[in-house]
Amino acid sequence: MKIIVCIKQVPDTNDVKIDPVTGTLIRQGVPSIINPDDLNALEQALRLKDSHKDVHVTVLCMGPPQADVAIRQAYAMGADKAILLSDRVFAGSDTWATATILAAAIRRIGDFDIIFCGRQAIDGDTAQVGPEIAEFLDIPQITYVRDLVIKGSTVRAERMVEDGHMVIEAPMPVLLTAIKELNKPRYPRMQLIYKAYSPEADIVAWNNGDIDADLTQIGVKNSPTNVKKSFVPVKEKHCIELTGTSRAIATGLVDELKKLHII
Amino acid sequence: MEYRLSPQQEMVRDTARKFAREVCEPIAAEIDKSHRFPRETFDKMTECGITAVGFPVAYGGTGLDKLAQVLVTEEIARKCAATAAIFSIHQGTAWTIHLFGTEDQKQKYLRPLLTGGVIGAFSLTEPNAGSDASNVQTIAVEEEDCYVLNGTKCFCSNGGQAGIFVILAMTNPELKTRGISAFIVEKGTPGLSIGKTEDKMGICASDTSELIIKDLRVPKENLLGKLNRGFNHALASIDGSRITVAAAQALGIAEEALDLSVQYVKDRVQFGKPIAVQQGLQWYIADMKTRIEAARSLTYRAAALVDQGEPYATLGAMAKYFASETAVYVTNRAIQLHGGYGFMRDYPLERMYRDAKITEIYEGTSEIQKLVISREVIGKIQ
Ligand SMILES: Cc1cc2nc3c(=O)[nH]c(=O)nc-3n(C[C@H](O)[C@H](O)[C@@H](O)COP(=O)(O)OP(=O)(O)OC[C@H]3O[C@@H](n4cnc5c(N)ncnc54)[C@H](O)[C@@H]3O)c2cc1C
Ligand SMILES: Cc1cc2nc3c(=O)[nH]c(=O)nc-3n(C[C@H](O)[C@H](O)[C@H](O)COP(=O)(O)OP(=O)(O)OC[C@H]3O[C@@H](n4cnc5c(N)ncnc54)[C@H](O)[C@@H]3O)c2cc1C
């Protein structure tokens, strides 16, 4: 079984600060990590590798050269191969463009049974990239996976929804997106950290020459998303203090609520 | 001179940091209070290879890297000094076998210590042989196929939990320090039993036990290093292990105490202002930070010397001496900055203060470090 896990390098914070002037994410001074949901995806792939014969796990990451540390960490957790997709023409890609690039790379890899993504990246937060890849590759997808069983050439997944879960079966190849309830990711293995930085490791960097993504669909210029403005909603609190006897406070409160058309 | 961690070392440090935060910190107060040895933590360390950091690949290690051992010990000590003691003393035992073991001994004993979840213990100290470690009275008598050991050892860290022991005994009492040898002993060998387990002031979750040795027959192939050279072997091994066991541990405790203090002085308001505005307290913080950075420089440099194959004993002694006194100084100041809250068991500082003290004592007391350093600096006195 061949599994491809898509991982994104993100700033290590759950509430990314946005520059109020430029409207973009403030990334300086924030250490980078592998997106948390992607670690759950990778962990599940590695568990399949631990429990089944002949499982091969490839990690795929699009990002700047600094994302090198992310793919090496994934390798140190136990992936067999890691690919960093890095090219100036990829820069500024939105979800459509990112999925276009990742789908092109997956086509280049060719042989796969499962593509595993995280549900959503903690910086971009759209949860679109996984589903878009599935659409571009024209394969079934199961999102929000919290449990997974392999049965022959099909997968059976528990898909979490707000008030319960669905059990969905799909034939492979299939794309899955992982949520944190799926598992607890392992730590990188110390021995593999050193191996990840040795020439022995199967770690490669690809640019667009390697994957031939459609140049009219990628990069900042061809991204259909136009961010007009990003802002942090200003929380406003207006307080009125009512004083006097209990009766006076109660009538005052009723009057105020009526004024606001709440009652 | 360049000071830079390799990307491997950075990832090792970050992984150890995460491990310490997620695995060690949540139980640190509980295992201190109940004096419980965190066996499950050791198993998790084995699982992700922390036990194997800095040892040769041929025996399951990551490759030689003393600085990485320092980084791991430091990160763990930040969150739980007792766990750092357990881990680093375990690695110290492995280090002795790495330095002096034969190929067969390393396959048989080093590998399980690094990757098999077996805990190591190193036993030199006796009731009458502390700083004067040459006064060992445990006797080893040679027989045809074995050595027969008799005696009592004390203050053996990990003693009650270990699967593999390195034990020092007198093979030729007339030769004094030139008559001591080291032996590898497996747990369960008839004649080795665990006596009293000490009730300590600090690093309470670590195990410090007495070893009762009675007609313990150690096969000849378990002689570690050369016959009658055990004392030198032990000292050479401690030269390396005190950089991690004491210096790195002390560094981690001190750093965490400083971080907690910086946060506290900014949050705590007295006389209508955060206490951080008081210059007297700012100067405490400046002193704490300066000593920590000096301790770090000494400790990392000593470790780097080991990795470069340069002589490191003197600098290692300085690192141990300075870092341990820094840890005691910094935790003491940190409690002062926290006022009454620092004295309370609800906060981790009182534990860190108790834990810091051991670093001035084991792996050679501060006084013994000064002896080592001055002997090297002054040289022979006519
Ligand atoms: C409003 C808005 C503002 C934005 N602002 C910025 C900005 O300031 N700076 C900036 O650089 N970008 C910005 N972007 C772009 C966006 O952050 C991502 O780059 C986008 O391409 C991926 O979408 P996402 O992060 O929402 O991923 P999601 O769709 O949430 O990710 C789902 C999963 O897809 C996979 N995946 C996603 N990206 C990658 C990747 N690169 N490599 C491998 N796998 C991946 C992972 O498995 C991930 O868990 C913005 C986007 C929006 C919508
Ligand atoms: C928690 C704990 C764990 C330990 N773990 C181990 C272990 O795993 N293995 C092991 O073998 N040992 C271990 N030890 C023993 C430790 O190394 C010794 O306690 C230490 O070396 C000091 O010996 P001592 O306790 O006999 O003190 P003493 O040697 O009696 O020292 C008493 C005081 O006299 C000072 N002093 C002694 N000689 C001189 C001198 N020549 N000049 C100036 N001052 C001097 C000392 O510095 C000290 O202040 C452990 C000890 C403790 C407390």
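The values are calculated or read from the model by the stated rules, or taken from the named source; none is laboratory data. Please read all numbers here as calculations on a predicted model, not as lab measurements. Virtual Cβ from ideal backbone geometry, glycine too; neighbours counted across all protein chains shown. Surface areas here come from the heavy atoms of the whole protein model, side chains and all, with no ligands, DNA or RNA. Shrake-Rupley method; radii C 1.70, N 1.55, O 1.52, S 1.80 Å.
From the list B:138, B:171, B:152, which residue is more than 10 Å from ligand 2 (Cβ to nearest atom), open to solvent by less than 10 Å² (accessible area, probe 1.4 Å) and either at pLDDT 95 or above or of a type in the set (Asp, Glu) (or both)?
B:138
What tally of residues in the range B:42-57 results from selecting those that are open to solvent by less than 60 Å² (accessible area, probe 1.4 Å) and within 13 Å of chain A (Cβ to nearest Cβ)?
Going through the range B:42-57 one residue at a time, the tally reaches 11.
When you go through B:184, B:213, B:203 one by one, which is the residue that is more than 13 Å from ligand 2 (Cβ to nearest atom), under 21 Å from the mean Cα position of the chain (by Cα) and in contact (Cβ under 8 Å) with a residue 60 or more places away in the chain?
Unique residue meeting the criteria: B:184.
Would you mind stating whether residue B:36 is outside any helix (DSSP H, G or I) and either more than 14 Å from chain A (Cβ to nearest Cβ) or open to solvent by 20 Å² or more (accessible area, probe 1.4 Å) (or both)?
yes
Restricting to the range A:25-64, name every residue that is loosely packed, with under 14 Cβ neighbours inside 10 Å and more than 19 Å from the chain's Cα centre (by Cα).
A:28, A:29, A:50, A:51, A:52, A:53, A:54
Going by what's in this entry, would residue B:84 be described as open to solvent by less than 10 Å² (accessible area, probe 1.4 Å), over 19 Å from residue B:123 (Cα atoms), touching a residue at least 24 places away in the same chain (Cβ under 8 Å) and within 15 Å of ligand 2 (Cβ to nearest atom)?
For residue B:84, the condition - open to solvent by less than 10 Å² (accessible area, probe 1.4 Å), over 19 Å from residue B:123 (Cα atoms), touching a residue at least 24 places away in the same chain (Cβ under 8 Å) and within 15 Å of ligand 2 (Cβ to nearest atom) - is not met.
Kindly indicate which of B:309, B:364 is on the phi > 0 side of the Ramachandran plot and away from ligand 2 (no atom under 16 Å from the Cβ).
Answer to the selection: B:309.
Condition test on residue B:281, is it within 30 Å of residue B:84 (Cβ to Cβ) and modelled with pLDDT of 95 or more?
Yes; evaluated as a whole, the condition is true for this residue.
With respect to the numbered conditions (1) under 22 Å from residue A:130 (Cβ atoms); (2) free of Cβ contacts under 8 Å to residues at least 12 places away in the same chain, which one is the sole condition not fulfilled by residue A:29?
(1)
Looking at (1) more than 14 Å from every other protein chain (Cβ to nearest Cβ); (2) hydrophobic (A, V, I, L, M, F, W, C); (3) more than 20 Å from the chain's Cα centre (by Cα), which one does residue B:11 not meet, given that it meets all the others?
Just one mismatch for residue B:11, condition (1).
In the range B:344-361, what residues are of a type in the set (Lys, Arg), away from ligand 2 (no atom under 13 Å from the Cβ) and part of a helix (DSSP H, G or I)?
Once the filter is applied, which keeps residues that are of a type in the set (Lys, Arg), away from ligand 2 (no atom under 13 Å from the Cβ) and part of a helix (DSSP H, G or I), the range B:344-361 yields only B:351.
For the range B:225-246, what are the residues that are surrounded by fewer than 23 Cβ atoms within 10 Å (Cβ to Cβ) and basic (Lys, Arg)?
B:226, B:229 - these are the residues of the range B:225-246 that are surrounded by fewer than 23 Cβ atoms within 10 Å (Cβ to Cβ) and basic (Lys, Arg).
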